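Worksheet: one structure, shown below.
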Amino acid sequence: MKPLTSRQQQVLDFVQRTLERAGVAPTLREIAGHFRFRSVKAAADHVTALRRKGVLASAPRRARSLRVLSPLEPLRRQVADIPLYGSIPAGFARERRQEAKGCVSLDIATLGFRPTPRTFALEVRGDSMIGRHIVDGDIVILEHGKTPRNGDVVAALIDNESTLKTFVQPPGQPPHLQAENPRYPQLHPVAELVVQGVMVGLVRKCRMQNAE
């Protein structure tokens with residue numbers, strides 16, 4: 001992008017200030033009046049130049065639709081919003097309903113795969129998966145409908161109770177769930193084991209400690 005001229009930067013700053021103060025963008029006439037341009041066309045020429053340089057955008061034939069673009073705006077096409085459905089125990093399995101909590105916005109290139117409508121996220125509660133470097137407070141990204149392989153980390157319902165564990169499929173035997181912490185036992189289903197999602201990514205929050 002070519003650098004902005006001094007006047008273009010002033011116009012851009014004025015648009016931004018107006019948006020922040022009034023909640024709507026200025027009209028071309030208001031821009032011309034603020035800078036005492038001789039005509040509205042002069043304001044339009046500056047706005048056109050700012051659009052061409054990728055720092056302003058607007059909706060066609062809509063008044064007050066100017067918006068200031070971030071330098072990172074082109075990269076936002078690669079950002080995925082993954083629904084976050086509450087938390088999941090990484091400890092002893094327990095009955096828990098999934099609750100829509102919001103979403104996790106992630107860069108697809110950083111994530112390493114392209115999410116699908118079946119991709120979702122859960123916040124980890126507990127320490128049964130520390131052997132796989134999954135700790136309390138982490139957010140696991142999971143894919144619903146993916147067939148689990150031996151050793152995959154999965155979110156599962158075991159006898160109608162939810163948990164996050166390693167999926168184990170011994171040859172010739174039914175699958176079970178394995179904790180990655182010796183304090184917790186293996187989980188063998190009495191009636192049913194349903195894999196709700198296979199882990200495909202992990203997001204860790206930074207934990208700040210108060211300085212003494």
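Only one of the numbered conditions (1) in a helix (DSSP H, G or I); (2) modelled with pLDDT under 95; (3) of a type outside the set (A, V, I, L, M, F, W, C) is violated by residue 38, and that is (1). Please tell me if residue 143 is assigned by TED's automatic domain parsing to the domain that holds residue 90 and within 26 Å of the chain's Cα centre (by Cα). In short, yes.
Selection of region 19-33 for residues being closer than 24 Å to residue 2 by Cβ and part of a helix (DSSP H, G or I) yields 19, 28, 31, 32. Looking at 125, 118, 114, just one residue is in contact with a His (Cβ under 7 Å, 6 or more places away or on another chain), within 30 Å of residue 200 (Cβ to Cβ) and either at pLDDT below 95 or hydroxyl-bearing (Ser, Thr, Tyr) (or both), and that residue is 118. With respect to residue 148, determine if the residue is more than 31 Å from the chain's Cα centre (by Cα), of a type outside the set (Gly, Ala, Ser) and not in a strand (DSSP E or B). So residue 148 fails the test. Within region 135-145, being closer than 10 Å to residue 196 by Cβ and assigned to a loop (DSSP other than H, G, I, E, B) holds for 144, 145.
A search for C-beta distances below 6 Å between a residue of region 45-71 that is assigned to a loop (DSSP other than H, G, I, E, B) and basic (Lys, Arg) and any residue that is at pLDDT 85 or above and surrounded by 14 or more Cβ atoms within 10 Å (Cβ to Cβ), counting only pairs 6+ apart in sequence or on different chains, returns 64/25. Taking the numbered list (1) in contact with a Pro (Cβ under 8 Å, 6 or more places away or on another chain); (2) hydrophobic (A, V, I, L, M, F, W, C); (3) modelled with pLDDT under 95 in turn, residue 154 passes all entries but (3). Answer yes or no: is there a residue in region 6-22 that is in contact (Cβ under 8 Å) with a residue 12 or more places away in the chain, more than 29 Å from the chain's Cα centre (by Cα) and farther than 14 Å from residue 68 by Cα. Yes, some residue in region 6-22 is in contact (Cβ under 8 Å) with a residue 12 or more places away in the chain, more than 29 Å from the chain's Cα centre (by Cα) and farther than 14 Å from residue 68 by Cα.
Selection over region 116-130 of residues that are of a type outside the set (A, V, I, L, M, F, W, C) and either without any contact (Cβ under 8 Å) to a residue 12 or more places away in the chain or more than 20 Å from residue 180 (Cβ to Cβ) (or both) gives a count of 4. Scan region 164-175 for residues that are touching a strand residue (DSSP E or B) at 6+ places or on another chain (Cβ under 7 Å) and more than 20 Å from residue 140 (Cα to Cα) and the total you get is 1.
Filtered by the rule that a residue be closer than 28 Å to residue 79 by Cα and among the hydroxyl-bearing types (Ser, Thr, Tyr), region 119-171 gives 119, 147.
The values are calculated or read from the model by the stated rules, or taken from the named source; none is laboratory data. Fair warning: this is a prediction, and the values are worked out from it, not measured in the lab. In this analysis, Cβ positions are derived from the backbone assuming ideal geometry, glycine residues included, and neighbour counts consider all displayed protein chains.
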